[in-house]
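Colleague: Attaching a single structure in structure tokens format; questions to follow.
The values are calculated or read from the model by the stated rules, or taken from the named source; none is laboratory data. Since the structure is predicted, the reported quantities are computational estimates derived from the model, not experimental observations. Glycine also receives a Cβ, built like all others from the backbone with ideal geometry; neighbour counts cover every protein chain displayed. Accessible surface is based on the protein model in full, side chains and every heavy atom, while ligands, DNA and RNA are left aside. Shrake-Rupley method; radii C 1.70, N 1.55, O 1.52, S 1.80 Å.
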Amino acid sequence: MTERDAEASGLARLAGLIADETRAACLLALLDGRAWTAGELARHAGVAASTLSEHLGKLVAGGLLAEERQGRHRYVRLADDRVAQLVEDLAAQVAPEAAARRPRTLRASSAGSAMARGRTCYDHLAGRLGIAVTDALTGRGLLRQDTGFALTDAGLGWFEAAGIPLRPTGRRPLARACLDWTERRPHLAGVAGAALCRHALDTGWCVRIGSERAVKVTPTGERALSELLGIRAAALR
């Protein structure tokens, strides 16, 4: 087998792993950055636990998920941020079609509105909240978008002054653009995006709501984002 054949075969296997509605539902759920039990994912995907276990085995074997066991419970999470980026990028390609379908219930409509307003995308902020933060950083000269996302010297100083440590790990870039599937514009990801999201949740600027990835900005967060980035509260609601 030639190198090209090997690459094609590997790509086909990867696509096959994702090309299943149950496995795709699991990958999307795990974009919240947390570890889920097999039972939680089975209920989320609407399948039997035995069926879900088989799917999880394939995703783990394929390198898309990592697992750990605690007693009787089996926890899984996305293997790393590269897998999260792949899933989010693919989701962005089908989002317009999904958005065109009207929610069937008030609950579904409310959940969709909450996700569009603000959510986590693996370990960084997305939705209108993520875009507002990204635009504010860019407008203040803290983030450049002209040749790809990059923090400026002023941006590095801003993170330090705000008490948000940046700890690069492995090959993960300090700043990276991630296409937002509801806003159709890039928001901040990478080490800086993850650090900002973690800080927002740890300090109570944002809190998780519902059972998916939606987050909302608290009054404390509104004040902090107004003082630090000049973001109006109305843009966060």
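Colleague: Using a probe of 1.4 angstrom, how much of the accessible area of the range 155-194 is carbon and sulfur, in percent? Intermediate results must be reported in sequence, preceding the final value.
Modeller: Values: 1100 of 1990 Å².
Answer for the range 155-194 is 55 percent, counting heavy atoms of protein chains only.
Colleague: Largest first, what is the accessible-area ranking of Thr220, Thr22, Thr147 with a 1.4 Å probe?
Modeller: Result, largest first: Thr147, Thr220, Thr22.
Colleague: Right, something else. Summarise the accessible area of the range 19-67 (1.4 Å probe, protein heavy atoms) by the percent that is carbon and sulfur.
Modeller: Details: 1100 of 2170 Å².
Summing carbon and sulfur atoms, their accessible area is 51 percent of the total for the range 19-67.
Colleague: Let me ask another. In square angstrom, rounded to the nearest 10, how much accessible surface does His199 have for a 1.4 Å probe?
Modeller: Rounded to the nearest 10, the figure is 40 Å².
Colleague: Oh, and also: Sort the following peptides by mean Cβ neighbour count (other Cβ atoms within 10 Å, averaged over residues), highest first: 115-125, 25-35.
Modeller: Working: 115-125: 24.0, 25-35: 20.1.
Taking the mean over residues of other Cβ atoms within 10 Å, the ranking is 115-125, 25-35.
Colleague: Treating only the Cβ atoms of Lys and Arg (+1) and Asp and Glu (-1) as charged, compute the dipole magnitude of the chain about its Cα centre; round to the nearest 20 debye.
Modeller: I would put it at about 740 debye.
Colleague: Helix-derived [θ] at 222 nm for the chain: sum -39500 (n - 2.57) over DSSP H runs of at least 4, divide by residue count, nearest 500? Mind showing how you got there, number by number?
Modeller: Working: 10 runs with 124 residues, N = 237.
Mean residue ellipticity, 222 nm, calculated: -16500 deg cm²/dmol.
Colleague: Note down the accessible area of Lys58, probe 1.4 Å, to the nearest 10 Å².
Modeller: 90 Å²
Colleague: Separate question: Taking amide H positions as placed 1.01 Å from N in the peptide plane, with prolines and chain starts having none, which residues 5 or more places from Cys206, or on another chain, fall under 5 Å of its amide H?
Modeller: Under 5 Å from the amide H of Cys206 lie the amide H atoms of Leu201, Thr218, each far enough along the sequence or on another chain.
Colleague: Here's a follow-up. So, for the chain, what is the accessible surface per residue at a probe of 1.4 Å, expressed in square angstrom? Working shown, then result.
Modeller: Values: 12970 Å² over 237 residues.
Here the per-residue accessible area is 55 Å².
Colleague: Ordering Asp153, Asp135 from largest to smallest accessible area (1.4 angstrom probe), what's the sequence?
Modeller: On the way: Asp153 135, Asp135 65 Å².
Result, largest first: Asp153, Asp135.
Colleague: While we're on this one: Can you list residues whose amide H is under 5 Å from Val215's amide H, if they're 5+ apart or on another chain and H is modeled 1.01 Å from N?
Modeller: Gly118, Arg119, Thr120, Ile209
Colleague: Further, regarding this structure: Output wanted: per-residue J couplings in Hz (rounded whole) for the range 120-126, from phi through Karplus 6.51 cos²θ - 1.76 cosθ + 1.60, θ = phi - 60°, x for Gly and Pro.
Modeller: Those phi angles translate into 9, 10, 6, 10, 9, 7, 9 Hz.
Colleague: To the nearest 10 square angstrom, what accessible area does Arg223 show with a 1.4 Å probe?
Modeller: Number for this one is 140 Å².
Colleague: Read phi for every residue in the range 162-167 and hand back ³J(HN,Hα) as whole Hz from Karplus 6.51 cos²θ - 1.76 cosθ + 1.60, θ = phi - 60°, with x for Gly and Pro.
Modeller: Ordered by residue, 3J(HN,Hα) equals 7, x, 10, x, 9, 10 Hz.
Colleague: Something else now. The range 1-58 to the range 158-237: how many Å between their Cα centroids?
Modeller: Taking the Cα centre of the range 158-237 as reference, the centre of the range 1-58 is 28 Å away.
Colleague: What residues have an amide H closer than 5 Å to that of Ala150, excluding those fewer than 5 places away on the same chain, when H is modeled at 1.01 Å from N in the peptide plane?
Modeller: For Ala150, whose amide H was placed from the backbone, the distant partners under 5 Å are Arg144.
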